[in-house]
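Below is one structure, written out as C-alpha cells, with a few remarks after it.
The values are calculated or read from the model by the stated rules, or taken from the named source; none is laboratory data. A quick note: this is a predicted structure, and the numbers were derived from the prediction, not measured. Positions of Cβ are generated from backbone atoms using ideal geometry, with glycine treated the same way; all protein chains shown enter the neighbour counts.
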Amino acid sequence: MNDKQTITLGIIAYNEGKTLINLLTQISPFVDEIVIVDSYSTDNTAELAKQFNAKLIEEVFVNDFSRIRNSVIKNSTSDYILMMDCDETLESPEKFFAFDFVEEAYWLARKNIYKGEWRNPPPDYDYQARMFKNNGIIRYGGYLHETLVGYNKAEKLPQFSILHHECTEKFISNKVKYENILSIKNNSLSKLDMADDEIFKGWYSYEKFPNGAASRWCSDNGTVTFECDDPSTQAIGMYISTVGKFNKARFTVKAGRKVVGKLEVDLERGNVFIPINVCEYAPCTLTLHIKCWDLREFTPEPRTLGIFVDSISLEMPCKTGELKILFDPTASYFMKGDVHDDCIIQNIINSGYWETYTQRVIDRFVKPTDVCFDVGANIGSITIPLANRAEKVFAFEVGCISFGYLRHNIMVNSIQNVELIRGAISDKPCKLYYHYTYPNTGGSFVSTEISSQEAIVEQVDSITLDSVANKIDKLDFIKMDIEGYELNALHGATELLSKFKPKLFIEFNPWVIEHVHNENPKPLWDFLAKEYEFIYIVRDDKLNRVLSYESIMAGIDNKTRIMEDLLCLHESMEI
C-alpha cells in the first residue's frame, strides 16, 4: 500500500463477473476503496461487490461511457482513482502501488492479450490515462471513445502495464452496445471527403476501396482546411487505421489565426478526438495542422509516412426540437441542445415550449420598440421569444457549451436583432468558476470557488452589465436567471438601473443562494425593494403583489416550491 495517498479502484460493469473476480482478487489488497458502477447486471457482479467490500452503484447505461465513468468519480473519496475494466489486470501490482504518485494523471501501457498472444507489442503500445487525481476537475468526456479531460500535466509510465485479456471476445460481446452509440454519433457527424484534393496539403493521394471509402497517408507535416458552420461543434474526430514511422503527433486547429483546439498524443491506431471551441467563431474556416515527430527505430523510406487516416469528421452530439411562441402561433424555431440535457431542450422536444409563464410576461410587458437583456440566456429558449417581440435583445451567456448552442440557434433561425455577449455577469471583472450541471443544464451556475463535483467546471471571466452601457441608448426589460448570483449581477448594473429604469423579471431562489453560494437571500430582496416600488410574484400565470421579505418566504416551503419568479416595476399595474 502506498502511504502517501489513498487510492480508489474504479470499475464500470455489466455482466462481466467471470473476469471481474480476477481484477478484484488482484487489486483489492492494494487499494483503500473499490467503487463499481454497474448497469444492472444479471450475473454475480453484485455478489462479488459484497464479497470484496466494494461500493456498488447501479445506474442505467444511456449510450454514454463518460457519464457512467464520471459516476465512479462522483462516488470516490480517495486522493487518486485507478480506472480499470472488468477484463483487465495489472502486470506488476506490487511495484505499481509502491510508486510515488504526484502528477495530475498517468498514462499506462495496455497490452492487448487474445488467446495468450500479445497483439500489440512495441512500438504499438496502447497508452491510456488510467490513474488520476480525484480533484473535482478531472473527468471524462466523449460518448463512445471516452477521454479523460481536465488535467494540465500527465506522465507516461511505460514500466507499468495493464493486461487486457481476451480483448477480441470482449469487443464482439459489446458489438450491439457500440452500434447503438455509433447510431447516435452518426446522426450528428459531418464527415469530410477524404478524396477531395482541394483541402488536403502535405498528404498523399487518397486510396479508394471497394465500399466507396477513401483514406490518405499524412506526411510528417500536413494540413486540412474545411468549413465549420455549426458553433456547437465540440470536436474533430479522426480514425487512424495505420501508424507510420513516427511515435508522436501534435494536432492544432485554428479558426483564422486563433487556436481553437490542440492535442498532443502518442501515435496509435484508433480514434482520436480533438476538442475544439468554435462557439465564438463559427461559421468559419478551420485549419487542422498535423505535425509528426520522434522517428521510430527502423530505416526510413523515401516517404515520411505519419498516419493513415480513414476519416475526419466534425462532431456535434446534440438533441433537437422545435420551439413555439405562445403569442405568435405562426412562428417556430429549430433548436439544438446538449444531448445530456433533460431540462430545457428536453421540454422543448416534449411540448414545444419552455417556460410558458415567462412567455406570457414577455407578451404583456415587452413592446415591439423595446431593448431587452436576457441575462443567463442558456441555449436561447427565452432569447428567441424576446427577439420575436422586441426591437433588440442582448443575450448574455458564459458556458462554452451553452453559448455554442445559443449562437447556433440564433444563427440557424436567421435572427438578426440579437447580440450575443459571452461572460459571467458579476459586480466587477474577475475570475469565476462556471459549473455546467447535467442532466439539469438549466441549473448551471457561477461561483467564486469550485463548489460541485457533479458539474463540468470551467474558469471564466466576468463582466458587468454597466460595462455595456455605451452600446445602448435605452433599456426597457431585463430577464435575469443566473442561479443565485443575481445580487452580484445587480450590483454591477446600478448605472443601467438608475439611468434607464427597466422592468426586471428575475428568479428569486433562496435554496440556491443558501446551499450553493452560502449566502443569505434577504439582501437580494432588500436590493429589489429599494430599487423597485412594485414587486409581483408570477405564479400559475397570475401576478400577486408582494410587500415584504417575510411574505415572499412564506410561500416557499423548500418541498413543493423552492423559488419564485418576480416581476419588478416602477409603476403600479392592474392585476
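Filter region 423-438 for residues that are touching a helix residue (DSSP H, G or I) at 6+ places or on another chain (Cβ under 6 Å), under 19 Å from residue 496 (Cα atoms) and surrounded by fewer than 20 Cβ atoms within 10 Å (Cβ to Cβ) and give the result.
427
Applying the selection to region 71-100, what residues are touching a strand residue (DSSP E or B) at 6+ places or on another chain (Cβ under 9 Å) and part of a loop (DSSP other than H, G, I, E, B)?
Hits for region 71-100 are 75, 76, 77, 78, 79, 86, 87, 91, 92, 99.
Considering region 15-45 alone, what residues qualify as being at pLDDT below 95, within 25 Å of residue 134 (Cα to Cα) and small (Gly, Ala, Ser)?
Of everything in region 15-45, just one residue is at pLDDT below 95, within 25 Å of residue 134 (Cα to Cα) and small (Gly, Ala, Ser), namely 39.
Sort out which residues of region 353-381 are in a loop (DSSP other than H, G, I, E, B), touching a helix residue (DSSP H, G or I) at 6+ places or on another chain (Cβ under 6 Å) and of a type outside the set (Gly, Ala, Ser), and write them in order of number.
354, 366, 378, 379
Looking only at region 184-217, which residues are at pLDDT below 80, among the hydrophobic types (A, V, I, L, M, F, W, C) and closer than 18 Å to residue 236 by Cα?
184, 189
Within region 520-546, count every residue that is surrounded by 18 or more Cβ atoms within 10 Å (Cβ to Cβ) and either under 13 Å from residue 487 (Cα atoms) or not assigned by TED's automatic domain parsing to the domain that holds residue 490 (or both).
Result for region 520-546: 4.
Given the options 212, 256, 222, name the one that is outside the structural domain of residue 405 (by TED's automatic domain parsing) and out of contact with any strand residue (DSSP E or B) (no Cβ under 8 Å at 6 or more places or on another chain).
212
In region 479-502, which residues are of a type in the set (Asp, Glu) and not in a loop (DSSP other than H, G, I, E, B)?
486, 495
Considering each residue of region 7-63, count those that are at positive phi and not hydroxyl-bearing (Ser, Thr, Tyr), and give that number.
Counting residues in region 7-63 that are at positive phi and not hydroxyl-bearing (Ser, Thr, Tyr) gives 3.
Has region 448-458 got at least one residue that is within 30 Å of residue 151 (Cβ to Cβ), assigned to a strand (DSSP E or B) and not β-branched (Val, Ile, Thr)?
Looking for residues that are within 30 Å of residue 151 (Cβ to Cβ), assigned to a strand (DSSP E or B) and not β-branched (Val, Ile, Thr), one finds at least one in region 448-458, hence yes.
What is the one condition in (1) more than 21 Å from residue 132 (Cα to Cα); (2) in contact with an Asp or Glu (Cβ under 6 Å, 6 or more places away or on another chain); (3) crowded, with 22+ Cβ neighbours inside 10 Å that residue 8 does not satisfy?
Of everything listed in (1) more than 21 Å from residue 132 (Cα to Cα); (2) in contact with an Asp or Glu (Cβ under 6 Å, 6 or more places away or on another chain); (3) crowded, with 22+ Cβ neighbours inside 10 Å, residue 8 misses just condition (1).
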